Every structure is written in C-alpha cells, then in structure tokens.
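Structure, as structure tokens:
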Amino acid sequence: MSDDPYSHAAWVDALRDGVLLGGRCRECGWTSATPQAACLECATRDLEPTTLPLEGTLHTETTVAVSPTGFDAPYRVGIVDLGATRLLCRLEGDAAIGDPVAFAGTLETADGEVAPLFTDADQSP
Amino acid sequence: MTDVRIVGAGMTDFGVHDRPLAELFADAAVDALDDAACAPADIDAFYLGNAMSGQTDGDTHLAPTLASHLGMAGIPCTRFEDACATSSNAFSHAVRAVAAGQYDTVLVGGVERCTPATGLGTDEMTAVFASAAHRQYEQPTGLTFPGVFGLLTTRHMHEYGTTEEQLAAVAVKNHRHGTLNPRAQFGTETTVAEVLEGPVVASPFRLLDCCPFSDGAAAVVVTREDAVDDPESAPRVAGIGHATDAVPLATKADLTATQSARDAAAAAYAEADIQPADVDVAEVHDCFTGAEILAIEALGFVDTGEGGHAAVEGTTALGGEIPVNPSGGLKAKGHPIGATGVAQLVELTDQLRGEAGERQVPDARYALAHNLGGDAATTLVTVLDGGVSA
Ligand SMILES: [Zn+2]
C-alpha cells in the first residue's frame with residue numbers, strides 16, 4: 001500500500017475499514033469523496049484527508065439490467081449526497097431520491113477493484 | 001487565420017459490417033475525397049477518430065494503416081480518442097490546423113466496430129463501453145453507459161417532472177426521422193406504447209430508449225477558404241466549442257446541466273456570432289432519449305427543465321421550430337462511437353447543400369452538431385454556415 005494518506009490505495013484501505021476517506025481543500029473548503037491531486041475548484045494542492053459521514057441522502061439512482069462482463073444484473077447504482085460532497089456507489093434496498101441511505105460495506109469485483117455499498121438508512125447494521 | 005470549409009463528405013451505411021476497419025473506413029473516405037474532387041496527393045494530413053479498436057478488433061496504430069490503405073502513406077497521421085466525442089475532436093483539430101495555415105487540405109474521419117460482428121457479445125461490448133467511465137471510482141460499481149445517462153435522467157425527472165412518456169417521444173421522433181435516411185440502421189417507426197413495453201436496459205431507459213451497437217465510418221475533407229471553387233456546396237466552419245466537465249460523475253456540480261455542453265455551446269455560438277435561435281437544424285448526441293432532452297436544454301433551444309416537452313409537442317421534429325436529429329440521430333441512424341461526430345457533420349453538410357432528400361430542412365443556413373463523450377465529461381459543439389456570404 002501507498003504511504004500517501006490520500007491515494008487510491010489509502011481510499012480502498014479506509015473503505016474496507018468502514019471509513020469513507022475524502023479530501024478537503026484547505027484554501028476554499030471544496031471537498032471530494034475520492035482522491036484528487038488538487039482541488040477541483042481552486043486547483044490548490046493542499047487537500048487535507050477527511051472522514052466523510054457514513055449517512056447521506058440519495059441524489060440519483062439507476063437500476064442496471066444489462067451488465068458488463070463480470071457483473072450480475074440487475075443491480076442498483078446511485079449517487080449519495082454526503083453534505084459536503086457526493087459519492088457514486090452500489091445501492092441495495094428501495095431508497096428513492098431524497099431518502100436517507102447509509103454506508104453498508106464494500107463490493108469487491110472479480111478484477112480486484114472495490115466499490116462502496118450503501119443501503120436504506122433504516123436497514124443498515 | 002483563414003476560414004475553413006467542408007468540401008467533401010462521405011459515410012457508410014450504419015449497421016452491421018463484418019469487414020476490416022481499413023476497408024470500412026475506405027468506403028467513407030473515398031466518397032469524401034471524390035465528393036471534394038481531391039486526389040490522395042492533395043491531402044496534407046489525416047486526422048482519425050477511433051475510440052476502441054484496441055479492445056474491439058485487437059488493432060491499434062490505426063491512422064497510418066488507414067492512410068496507407070488509401071494510398072496516402074507519408075503524410076502526418078494522428079488518432080484521437082475521446083469516447084463518443086472522438087471524431088468531432090479530430091475535426092476540431094483539423095480545422096484549427098488549416099485555419100492556422102499549418103495545412104491546406106486535411107482528411108478527417110472516424111471508424112468504429114461495435115456490433116457482435118466483432119465477436120464480442122452484449123456483456124463484453126458493454127464492458128468495452130464502460131471503460132470510458134472512471135477506472136477506480138465508477139467502473140467497480142458496475143456502472144454502464146446506459147446507467148450513466150440513467151443517473152442523469154432520473155435526476156432530471158426528479159427535478160423537473162420529466163416522464164417516461166416524454167423520453168419515449170424522443171425515440172418515436174428519431175425513429176420517424178430515421179425512416180427518411182437510407183443510411184440509418186433502423187428504418188422503422190416505433191410508438192410510445194412500444195417503447196414503454198420494452199425491457200429495461202438501465203432505468204429509466206428501455207431498449208428503444210437506447211441507441212444500438214453499430215459499425216460504420218464517416219469522413220470529410222476540409223480546406224482553406226481561398227482554395228474553394230464552389231462555396232455554395234462547401235459549408236463554412238463558423239464556430240467550434242470544446243469543453244470538459246469533472247470526472248468522476250459524482251464530482252460534477254450539477255448532474256442535469258451537462259455543463260461541458262453549455263460551455264462548448266457558448267464558445268461555438270460566440271465564435272459563429274449567432275444565438276441559439278439562429279440555428280436552423282441540429283444533430284445532437286442522443287445516445288439515450290434522456291440525453292437529447294439534456295442536450296437541447298444545454299444548447300439553449302428550450303429552457304432548462306422544459307426539454308421533455310419538445311419531442312411531444314413536435315418542436316424538435318422535422319417541420320418543427322428547431323428540427324433535431326433529422327438523420328435519425330444516434331438513436332435510429334446508429335452510433336459507431338468514433339465515427340459519430342463526423343457522421344453528424346456529414347448529415348449537416350447534406351442539409352446545408354439542400355441534398356438531404358425527404359428529410360431536408362428547407363432553407364437551412366446555420367447547422368449545429370453536439371457530440372458528447374464519456375460521463376458527460378467532453379462535449380464538442382460545431383456550427384456550420386451554409387450561407388455563401390460569410
Ligand atoms: Zn480549493
């Protein structure tokens with residue numbers, strides 16, 4: 001794993017430990033839910049690793065019924081609004097846009113990648 | 001800087017082509033060269049759009065291969081890759097190079113094979129397409145491209161009340177236009193009921209909300225203004241905008257704005273010195289029905305949030321206020337990824353020459369192409385002027 005506290009490797013390690021690792025710009029406060037080398041708003045490189053909330057509201061969603069190789073459809077993919085930022089995730093449960101959802105672990109793909117999994121907030125462990 | 005004009009245009013039928021990429025591309029390129037009355041020796045450079053040949057055909061370093069097949073080995077050949085916006089980006093660079101005086105005459109084209117004729121099934125080709133999504137923060141969720149536009153469109157439906165019936169109306173319109181285009185992959189009409197009865201691909205999209213997998217090629221020849229003999233048949237490139245938005249999708253500030261399209265449109269309108277209302281005909285990137293709704297809002301043809309009404313009310317149909325996708329669009333004409341951007345320009349060249357047959361928009365002067373790539377991260381907007389006096 002990388003020593004960089006805000007790398008993909010660190011993000012994956014955090015995810016597996018139940019932590020959503022984000023980055024907050026020390027200049028302007030813009031926050032990302034996935035690693036960036038620089039702020040998307042002001043381009044400063046001074047991003048501070050930050051722990052994102054484990055609950056948010058569903059911003060949008062789709063049910064994928066025709067999947068790529070290595071995935072078994074149907075399944076839901078959503079974008080969760082975590083307040084300061086948004087995160088794309090696999091979605092379990094029935095949440096509609098605006099409903100509360102909670103981080104519920106990781107999805108490990110056949111090729112060794114990891115994605116965050118969210119579910120209806122009232123059904124989370 | 002000199003003005004640049006399209007002097008030749010050609011494309012293959014879009015559909016299933018079980019042939020080598022070089023042979024497929026040559027059909028479009030020879031038509032464009034002959035239309036321009038250009039010999040291969042007149043071409044100073046070749047700009048190629050191809051997004052996926054390494055994955056679909058096991059074939060890379062494609063540009064010199066295609067040029068050699070056409071007898072043009074020796075000239076500079078450059079390949080572009082920007083997902084579905086691939087060949088309009090090649091076109092943009094070709095036009096800028098001619099305008100800057102680097103070359104006099106350039107061949108620009110695109111070619112792609114995406115159907116099962118490649119030997120790849122639906123799940124495999126869906127994976128190839130999905131490789132244009134973010135490798136670490138999108139692909140591992142199983143997000144597909146219908147899914148990308150499903151996310152954008154579901155949010156649009158939530159914010160503005162856009163309905164599945166309104167989405168279906170876009171498919172109905174573009175299928176109707178496609179019946180008037182002999183090069184279109186789909187030559188049959190459909191109905192709102194038929195669209196709504198189809199199987200879901202990625203909600204809210206059903207099968208007929210989605211463009212097909214297509215093979216095909218398209219090419220144009222561009223040259224400097226003072227080399228053009230017959231300006232009436234050579235549309236002037238009046239403006240090009242090229243903009244990007246944040247990747248991955250979740251970091252975009254606004255999921256329904258398709259901001260790269262708004263920024264590209266603003267740049268293209270400014271360079272052409274026109275307003276959205278001046279556009280007489282448009283080819284827009286309707287990879288999914290919802291994408292056309294987002295596009296016509298971003299281009300300023302309708303107010304933001306009102307896009308769902310346009311196809312239902314006939315605003316964007318042939319005969320309507322602003323005909324959109326007279327070719328049938330990606331939806332009915334087909335979408336061979338790297339060929340799509342130039343194919344839009346081939347259609348618009350036909351329209352501005354008055355050679356579009358039954359789908360002709362009468363007296364069209366300004367024509368606009370909107371070509372979007374990736375998770376709405378790249379958009380090129382091109383404005384062509386068919387008027388003789390620039
Ligand atoms: Zn900042």
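The values are calculated or read from the model by the stated rules, or taken from the named source; none is laboratory data. Model, not experiment: these values are computed from the prediction. Every residue, glycine as well, gets a Cβ built from its backbone with ideal geometry; the counts of neighbours run over all protein chains shown. Note: areas computed on protein heavy atoms with side chains; ligands, DNA, RNA excluded. Shrake-Rupley method; radii C 1.70, N 1.55, O 1.52, S 1.80 Å.
Annotations for the structure displayed:
- In the full protein context, chain B carries 32 Å² of accessible surface per residue, based on a 1.4 Å probe and ignoring ligands, DNA and RNA.
- Nonlocal amide H pairs with A:G105, under 5 Å, H built at 1.01 Å: A:L117
- Look at the dipole of chain A built from charges on Cβ: of A:F71, A:A84, A:A10, the Cα furthest out on the positive end belongs to A:A84.
- Residues along region B:244-266 losing 50 Å² or more of accessible surface when the other protein chains are present rather than the chain by itself (probe 1.4 Å): B:A250, B:T251, B:L255
- Accessible area expressed per residue, region A:55-123, with surrounding protein chains retained (probe 1.4 Å, Å²): 38 Å²
- Cα gyration tensor, region B:101-147 - rounded (a/c under 1.5), prolate or oblate: oblate
- On chain B, 47 percent of the accessible area sits on carbon and sulfur atoms, based on a 1.4 Å probe.
- Those residues of region B:185-214 for which accessible area with every protein chain present is at least 40 Å² below the isolated value (1.4 Å probe): B:V201, B:S203
- Given +1 at the Cβ of Lys and Arg, -1 at the Cβ of Asp and Glu and no other charges, the dipole of chain B around its Cα centre is 640 debye to the nearest 20.
- Over all directions, the projected convex hull of the C-alpha atoms in region A:8-52 averages 2.7 nm² in area.
- Unit charges on C-beta of K, R, D, E only; dipole of region A:55-123, Debye: 180 debye
- Heavy-atom accessible surface of chain A: percent carbon and sulfur, 1.4 Å: 46 percent
- Beta bridges assigned by DSSP with both partners in chain A are antiparallel in approximately 95 percent of cases.
- All-pairs alpha carbon distance profile, the protein assembly as shown, 10 Å steps from 0, percent: 4, 20, 29, 25, 15, 6, 1, 0
- What you get for the protein assembly as shown, charging only the Cβ of Lys and Arg (+1) and of Asp and Glu (-1), is a dipole of about 360 debye around the Cα centre.
- Net charge, B:G198 excluded, C-beta distance under 9 Å - Lys, Arg +1, Asp, Glu -1: -2
- Low-density loop positions, GluC sites (Glu not before Pro), region B:326-390 - DSSP coil, at most 11 other Cβ in 10 Å: B:E355
- Total buried accessible area between B and A, probe 1.4 Å, nearest 100: 2800 Å².
- Dipole of chain B, positive direction: furthest Cα of B:P20, B:A253, B:T86, with charges on the beta-carbon: B:A253
- Region A:55-123: C-alpha gyration tensor shape, a/c 1.5 cut-off, then a/b vs b/c: prolate
- Tensor-based shape of region B:129-253 (alpha-carbon gyration tensor, a/c under 1.5 rounded, otherwise prolate or oblate): oblate
- Whole-Å semi-axes of the ellipsoid equivalent to chain B (Cα gyration tensor, √5λ, descending): 30, 24, 19
- Per residue value of the accessible surface for region A:1-52 (all protein chains in place, 1.4 Å probe), Å²: 53 Å²
- For region B:146-165, residues shielded by at least 40 square angstrom of accessible area compared with the chain on its own, probe 1.4 Å: B:L151, B:T154, B:R155
- Counting DSSP beta bridges with both ends in chain B, the antiparallel % (nearest 5): 75 percent
- Here the spin labels are modelled as points 7 Å beyond Cα on the Cα-Cβ line, and at A:D4 and A:A38 they lie 1.4 nm apart.
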